[in-house]
Amino acid sequence: MNEPVLLSVEDASVELPTPRGNLRAVDHVDLAVGAGRTLGVVGESGCGKTMLSRAILQLLPKKAKLSGRVMFDGQDLARLDPERLRKLRGRSLAVVFQDPMTSLNPVLTIGTQLIETLQEHLELDSLAAKKRSAELLAAVGIPAPEQRLTQYPHQLSGGMRQRVAIAIALSCEPKLLIADEPTTALDVTIQAQILDLLAREQRRRHMAMILITHDLGVVAGRTDEVAVMYAGRVVERAPTPELFKRMRMPYTEALLAAIPKIDAAPHTPLPAISGRPPDPTRPLQGCSFSPRCRYAAGRCFQEKPPLAAAESPGHQYACFHPIGIMAGAGT
Amino acid sequence: MKQDVRPSVAPKPLLEVQNLVVEYAVGGKTIHAVSDVSLEVSRGETLGLVGESGCGKSTLGRAVLQLRKPTSGRVMFDGEDLTAMHGETLRRMRRRVQLIFQDPIASLNPRRRIGDIIAEPLAISGVKDPKQRQKLVYDVLSAVGLDPSLVIERLPHEFSGGQCQRICIARALVLNPEFIICDEPVSALDVSIRAQILNLLEEMKARYGLTLLFIAHDLAVVKAVSDRVAVMYLGRLCEVGPSEQLFAHPAHPYTALLIEAIPVPDPDVRPAESVAVGEPPSPIAPPSGCRFRTRCPRADQRCAAEVPELREVAPGQFAACHHPLIPAG
């Protein structure tokens, strides 16, 4: 907690024009990540988690409008000139996407792509860059790295491709890595390996990380803090152990309950969340979760609950009817 | 209901897959997608089939329906051999077995109205009276939780993924089948919607008296709906057993590895460090002997030399392993 703040997102909103009207993809979001810390951002498709990461990277679609500030290492990224921004991205600020096939260039060898990054940002000569590339591939657990350098992305499996994407992201020793659903396209055994790899490299490099996922199971053991997003807003934010022990936001509770439990008996009906998220081009007047919430009452349909502090430090939630301490947990 | 009774008094399974082999040639090489798999599903039962991508679980599902011709082996459905059927007989049989796919949006024709999409199987199978067709379409749409009057005139793109999956389920149910193969029916859906669809499948199973083959890569999802679970690895069956028993006491090291790799939504449970070693080898040149041996912590020389047979390790639980975690009894 005492680490200096590396990234802070302050009152950030992203609006996208669509034929059906403006879509507010990110709605007044505040977040902070300390050096070497891990923030988990959890939410379902369309909740704005990917737009938020693009806002941080300043990689929003051309027509999108960003308001608020994104402070990274003392600079406001939205105000940086394109050249400085380009230097920063890849060097201090790196990203790993969900689908490694789309983030790697299919017509260039793995080696070319790694060496290019190293030469561009670290100004290494080609021999040093090549040696460094092989070391990086070995570090992310790729066997026979020298041989892999000459291969193309299609010659590798999904897991191996994601390892290459991670090697490229880590190549310049970034201060912050944004991992956007890095394991969603992978099998469960490979997912565990990739998450372990990210955690190991993060510790070794004292790198901060934002882990974006739809799976509460993925953030539970691997993050310091979690922000839960729904319909563009952060609806609950807390240190990870606190969130799981004393969740206050009904959406977080419902999301956790809807995951099939491995220790539940077969044919146990799952507590599903009824309905679906609201249409982002037609924002609701009240709490955006109210139509699906089993605790919602009068006020929830008229007023947006603010993201307010809970009793314990670092815990915030946006709810008029927060739930009590979860039965069974925290005892 | 006529059912022959075997000496053991056990009812004959509705589906019996016997020594099924599916291989295909790609670029002069043979992919061993399914190698000598035998399993059975009793009437009213849900059998879960799990494994990583490329393990052959979807190919197995398709081979059951004869959408992919098996290289050898038999598929017995209600006592009749589907592999020996052709043309009209096979088509008639297929009405009793339906399939639900992973991507619900891609499985619906984007240019056709929902009402027509669901009525089409009826028209093909000879329900000539449009009034009767409409009644059946209305019934099945209500059953899957959609309001027929609001839905039938609309096109697939007007619906979310979860709603499209409800429509696909309705289309599968409209012919009143006995058996449904669900191939990763919820893996494209969000957590909150996934639970809705899993609950719906359970409801429909009870209401229509269905038997299910539930294919998925997510063990927790499979456990939630299955009576028994079969685990596949690189084309072969590793383990089959009652769900609770298999999850509580996995006998095959691969089953144990899959269970350990599931992320647990509890910060007090530290994720096990790198339980999984390496990646599955290519199905073009699978390892000799036990196919899992290259990633298995218990593998020795015998595993390279001898293909392990499925053996009973506990009542109803079978594992194909020379060194099972439960000693064979």
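The values are calculated or read from the model by the stated rules, or taken from the named source; none is laboratory data. Computed from a predicted structure; not experimentally measured. Glycine also receives a Cβ, built like all others from the backbone with ideal geometry; neighbour counts cover every protein chain displayed.
For beta carbons closer than 9 Å, sequence separation of 6+ or different chains, a first residue in region A:147-159 that is within 13 Å of another protein chain (Cβ to nearest Cβ) and a second that is surrounded by fewer than 17 Cβ atoms within 10 Å (Cβ to Cβ) and charged (D, E, K, R), the qualifying pairs are A:GLY158/A:ASP99. Exactly one residue out of A:LEU284, A:LEU270, A:LEU216, A:LEU243 is under 18 Å from the mean Cα position of the chain (by Cα) and either outside the structural domain of A:LEU198 (by TED's automatic domain parsing) or over 30 Å from A:ALA35 (Cβ atoms) (or both): that is A:LEU243.
Only one of the numbered conditions (1) under 16 Å from A:ASP187 (Cα atoms); (2) of a type in the set (Val, Ile, Thr); (3) without any contact (Cβ under 8 Å) to a residue 60 or more places away in the chain is violated by B:ILE193, and that is (1). Screening A:MET71 with (1) in contact with a helix residue (DSSP H, G or I) (Cβ under 8 Å, 6 or more places away or on another chain); (2) within 14 Å of another protein chain (Cβ to nearest Cβ) gives one miss only, at (2). On the basis of being in a helix (DSSP H, G or I), assigned by TED's automatic domain parsing to the domain that holds A:LEU60 and under 29 Å from A:ILE262 (Cβ atoms), does A:GLN193 make the cut? In short, yes.
In region A:138-160 there is at least one residue matching the filter, namely being of a type in the set (Gly, Ala, Ser) and crowded, with 21+ Cβ neighbours inside 10 Å.
Note on region B:164-197: residues that are under 14 Å from the mean Cα position of the chain (by Cα), over 21 Å from B:MET93 (Cβ atoms) and either assigned to a helix (DSSP H, G or I) or not hydrophobic (A, V, I, L, M, F, W, C) (or both) amount to 3. A:GLU116 falls short on exactly one of the conditions (1) in contact with a strand residue (DSSP E or B) (Cβ under 7 Å, 6 or more places away or on another chain); (2) among the acidic types (Asp, Glu); (3) without any contact (Cβ under 8 Å) to a residue 24 or more places away in the chain; (4) surrounded by 13 or more Cβ atoms within 10 Å (Cβ to Cβ), and that condition is (1). The residue list A:GLN202, A:GLN191 contains one member that is more than 30 Å from A:PRO306 (Cα to Cα), at pLDDT below 90 and more than 14 Å from the chain's Cα centre (by Cα), which is A:GLN191. Here A:LEU137 fulfils each of the conditions (1) closer than 30 Å to A:CYS47 by Cα; (2) touching a helix residue (DSSP H, G or I) at 6+ places or on another chain (Cβ under 7 Å); (3) in a helix (DSSP H, G or I) apart from (1).
Among what's in region B:227-236 and is of a type in the set (A, V, I, L, M, F, W, C) and under 18 Å from B:THR294 (Cβ atoms), pick the residue that is surrounded by the most Cβ atoms within 10 Å (Cβ to Cβ). That would be B:VAL231.
Per-residue answers, yes or no, for (1) of a type outside the set (Val, Ile, Thr); (2) crowded, with 24+ Cβ neighbours inside 10 Å; (3) over 27 Å from B:ILE31 (Cβ atoms); (4) within 9 Å of chain A (Cβ to nearest Cβ):
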residue	(1), (2), (3), (4)
B:LEU175	yes, no, yes, no
B:PRO185	yes, yes, no, no
B:LEU210	yes, no, yes, no
B:ALA220	yes, no, yes, yes
B:HIS249	yes, no, yes, no
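Candidates B:GLU260, B:GLU244, B:GLU239: the one that is more than 7 Å from chain A (Cβ to nearest Cβ), outside any loop (DSSP other than H, G, I, E, B), surrounded by fewer than 24 Cβ atoms within 10 Å (Cβ to Cβ) and out of contact with any Asp or Glu (no Cβ under 9 Å at 6 or more places or on another chain) is B:GLU260.
Restricting the search to helices (runs of 4 or more DSSP H) fully inside region B:35-154 and requiring at least 1 residues that are of a type in the set (Lys, Arg), in contact with a Gly (Cβ under 8 Å, 6 or more places away or on another chain) and touching a residue at least 60 places away in the same chain (Cβ under 8 Å) gives B:57-64.
In the set (1) more than 13 Å from chain A (Cβ to nearest Cβ); (2) surrounded by 22 or more Cβ atoms within 10 Å (Cβ to Cβ), the condition left unmet by B:ALA224 is number (1). Within the bounds of region B:131-147, is there any residue that is within 30 Å of B:VAL41 (Cβ to Cβ), of a type in the set (Gly, Ala, Ser), touching a helix residue (DSSP H, G or I) at 6+ places or on another chain (Cβ under 9 Å) and within 14 Å of chain A (Cβ to nearest Cβ)? Looking for residues that are within 30 Å of B:VAL41 (Cβ to Cβ), of a type in the set (Gly, Ala, Ser), touching a helix residue (DSSP H, G or I) at 6+ places or on another chain (Cβ under 9 Å) and within 14 Å of chain A (Cβ to nearest Cβ), one finds at least one in region B:131-147, hence yes. In region A:40-57 there is at least one residue that is part of a loop (DSSP other than H, G, I, E, B), among the charged types (D, E, K, R) and within 14 Å of chain B (Cβ to nearest Cβ).
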